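K.L.:
Structure provided below as structure tokens; questions to follow.
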Amino acid sequence: MTVIRSERYAAGFLLIAGILGLLMANLSFGPALIDALNEHLHTGLFGLDLSTKHWISDGLLAVFFFLIAIELKRELVIGDLNSVGKAALPALAAFGGVLVPAGIYLVLTQGSGLAAGWPVPTATDIAFALGVLAVFGRGIPTRVRVFLLALAVLDDLVAILIIAFFFTQDPQLQFIGLAAITATLFGVTSRLLKPRSAWVLGRKPVWPIVAALTVLGLATWYFTYLSGVHATIAGVILGLVMARVPGGRAHHVLEPYSNAVILPLFAFSAALVAIPQVSLAELSPAFWGILVALPVGKLLGITLAGTLGSMISRRPNGSRSGLKFADIVMVACLGGIGFTVSLLMGALAFAGNTEVVDEATLAVLLGSGFAILVSAVVVSVRARQYRRAAGTPRPAVSPSTR
């Protein structure tokens, strides 16, 4: 389990799954495999009518968002976002990392009717970015990793808000209300597992509470799905309302399954697209907008906003942020790795237009691949500089779990 929790292995699983999906989609049996994943499973169970691909992106991926929300809550309560002073720099950098890519995309797709894809290049893949830093960043100080983690968490928060507000269709208020009720019950019930709760101090069995939480969690997902809000938002809500300590335990238990099963499955299914047999000139503006805006927009946006924030932010002792310009550029390169959330938003933004979805997927894969290569070089060079300055080859950052 320790290996599966490692950021470097999590990134490796994602990369292998994405490459495998793209490769298999373009072999002789690729079309049949794509059709099989898109085949709806008419079970008639509680009115659910989802394809295998949607069960992965709407169902299993909710667990990934649940873990993100737990991590976000921890950072907001006791971590590196628990004060305005701490959150200012990563928040400003995250803002630049969203605004500039979206702006570049809109400029490149102007007049094409594809403006709805602007959210696609705004996301950063936490697992991949931290994985690249873990693999190539031996010697990088902990403060740089903390900055990247805080930025990526805030970036994903923005992505969650975008999914909730821009990709909600015909919201059903009655089901939103039911989801709110079950989520509230989930949060209240989770407090029975707090270390000093009467239930724990009374040495009562834990499994009935875990079973109740599972049922309430599934009910929240079900009502969220019926409400018209994207079902993954249920995972976010549950992660935010869950008590912090039990939430940390749930994160510890579920993280290996997310790293080794859920995210690779999603990466495989999302990357399962046939490469368009067209010339470069025939590719849609959305392809070029995402391909450029993801790595380049993130680099420019995070660097500019992060540098400005570093100049104006002050620590409690009056000193400036410990991040140097080279560190901010390095994090900005890592921020261009969109992958998981970008793939999801591409599918949502161009739902109903299979050709554009496929091109958007390829653009995300190529843009993220370019960012990975650039990041690997930049992180390696920066790590070498830090090791040389320290005069020791020993690592300053552990590549283990977040």
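The values are calculated or read from the model by the stated rules, or taken from the named source; none is laboratory data. Keep in mind it's a predicted model, so treat the numbers as computed, not measured. All Cβ positions, glycine included, derive from the backbone under ideal geometry; neighbour counts span all protein chains shown.
K.L.:
Quick check on GLY301: is it at pLDDT 95 or above and either over 16 Å from the mean Cα position of the chain (by Cα) or not polar (S, T, N, Q) (or both)? Before the answer, list the steps.
P.N.:
Numbers: at pLDDT 95 or above: yes; either over 16 Å from the mean Cα position of the chain (by Cα) or not polar (S, T, N, Q) (or both): yes.
Yes, satisfied.
K.L.:
Being under 15 Å from LEU265 (Cβ atoms) and in contact (Cβ under 8 Å) with a residue 60 or more places away in the chain narrows it down to one residue among LEU60, LEU92; which is it?
P.N.:
Selected residue: LEU60, the only one of LEU60, LEU92 that is under 15 Å from LEU265 (Cβ atoms) and in contact (Cβ under 8 Å) with a residue 60 or more places away in the chain.
K.L.:
Would you say ILE302 is surrounded by 24 or more Cβ atoms within 10 Å (Cβ to Cβ), touching a helix residue (DSSP H, G or I) at 6+ places or on another chain (Cβ under 8 Å) and aliphatic (A, V, I, L, M)? Before the answer, list the steps.
P.N.:
Values: surrounded by 24 or more Cβ atoms within 10 Å (Cβ to Cβ): yes; touching a helix residue (DSSP H, G or I) at 6+ places or on another chain (Cβ under 8 Å): yes; aliphatic (A, V, I, L, M): yes.
The answer is yes for ILE302.
K.L.:
State which residue is surrounded by the fewest Cβ atoms within 10 Å (Cβ to Cβ) when the search covers only region 255-274 and only residues that are under 20 Å from GLU71 (Cβ atoms) and of a type in the set (S, T, N, Q).
P.N.:
Result: SER258.
K.L.:
If a residue counts only when it is touching a Lys or Arg at 6+ places or on another chain (Cβ under 8 Å), which helices (runs of 4 or more DSSP H) contained entirely in region 259-375 have at least 3 such residues?
P.N.:
Working: elements: 263-270, 285-292, 298-312, 325-335, 339-349.
Ranges flagged: 325-335.
K.L.:
Then there is this: Being surrounded by 14 or more Cβ atoms within 10 Å (Cβ to Cβ) and small (Gly, Ala, Ser) is the filter here; which residues of region 187-213 pass it?
P.N.:
Hits for region 187-213 are GLY187, SER190, SER197, ALA212.
K.L.:
Testing LEU216 on (1) surrounded by fewer than 14 Cβ atoms within 10 Å (Cβ to Cβ); (2) modelled with pLDDT of 85 or more; (3) over 30 Å from LEU130 (Cβ atoms), one condition comes back false. Which one is that?
P.N.:
(1)
K.L.:
Considering only region 329-347, state which residues are of a type in the set (Val, Ile, Thr) and surrounded by 24 or more Cβ atoms within 10 Å (Cβ to Cβ). Write out each step before concluding.
P.N.:
So the first thing to find is which residues in region 329-347 are of a type in the set (Val, Ile, Thr), and the list is 329, 331, 337, 340-341.
Passing the criteria: VAL331, ILE337, THR340, VAL341.
K.L.:
For region 38-54, which positions are surrounded by fewer than 18 Cβ atoms within 10 Å (Cβ to Cβ) and either of a type in the set (Gly, Ala, Ser) or in a helix (DSSP H, G or I) (or both)?
P.N.:
Correct list: ASN38, GLY44, LEU45, PHE46, GLY47, SER51, THR52.
K.L.:
Report whether or not ILE290 is modelled with pLDDT of 85 or more, of a type in the set (A, V, I, L, M) and under 18 Å from the mean Cα position of the chain (by Cα). Spell out the reasoning first.
P.N.:
Working: modelled with pLDDT of 85 or more: yes; of a type in the set (A, V, I, L, M): yes; under 18 Å from the mean Cα position of the chain (by Cα): yes.
Answer is yes for this residue.
K.L.:
Another one. Report, by residue number, each residue of region 35-61 that is among the hydrophobic types (A, V, I, L, M, F, W, C) and within 24 Å of the chain's Cα centre (by Cα). Lay out the reasoning, then the answer.
P.N.:
At the first step, the residues of region 35-61 found to be among the hydrophobic types (A, V, I, L, M, F, W, C) are 36-37, 41, 45-46, 48, 50, 55-56, 60-61.
Passing the criteria: LEU37, LEU50, TRP55, ILE56, LEU60, LEU61.
K.L.:
Got a sec? Which of GLY111, GLY96 is of a type in the set (Gly, Ala, Ser) and in a loop (DSSP other than H, G, I, E, B)?
P.N.:
Matching residue, one of GLY111, GLY96: GLY111.
K.L.:
Only residues in region 192-220 that are over 22 Å from LEU178 (Cβ atoms) count as the first member; pair them with residues that are of a type outside the set (A, V, I, L, M, F, W, C) and part of a helix (DSSP H, G or I), Cβ under 8 angstrom, at least 6 apart or cross-chain, and list the lot.
P.N.:
These pairs meet every condition: LEU193/PRO246; LEU193/ARG249; LYS194/PRO246; SER197/ARG191.
K.L.:
Only one of GLY297, GLY247, GLY239, GLY309 is in contact with a His (Cβ under 9 Å, 6 or more places away or on another chain), buried (at least 17 other Cβ atoms within 10 Å of the Cβ) and over 30 Å from GLY30 (Cβ atoms). Can you tell me which?
P.N.:
Values: GLY297 fails: in contact with a His (Cβ under 9 Å, 6 or more places away or on another chain); GLY247 fails: in contact with a His (Cβ under 9 Å, 6 or more places away or on another chain); GLY309 fails: in contact with a His (Cβ under 9 Å, 6 or more places away or on another chain).
GLY239 is the lone residue from the list that is in contact with a His (Cβ under 9 Å, 6 or more places away or on another chain), buried (at least 17 other Cβ atoms within 10 Å of the Cβ) and over 30 Å from GLY30 (Cβ atoms).
K.L.:
Residues that are touching a residue at least 60 places away in the same chain (Cβ under 8 Å) and crowded, with 20+ Cβ neighbours inside 10 Å: does region 275-284 have at least one?
P.N.:
Start the filter on region 275-284 by keeping residues that are touching a residue at least 60 places away in the same chain (Cβ under 8 Å), which leaves 275-276, 283-284.
Keeping just the survivors that are crowded, with 20+ Cβ neighbours inside 10 Å gives 284.
Yes - at least one qualifying residue is present in region 275-284.
K.L.:
Consider region 66-121. How many of its residues are of a type in the set (Val, Ile, Thr) and more than 30 Å from LEU218 (Cα to Cα)? Quick ask: steps written out before the conclusion?
P.N.:
Taking region 66-121 first, the residues of a type in the set (Val, Ile, Thr) are 68, 70, 77-78, 84, 98, 100, 104, 107, 109, 120.
Okay, now just the ones that are also more than 30 Å from LEU218 (Cα to Cα), so 84, 98, 100, 104, 107, 109.
Number of matching residues: 6.
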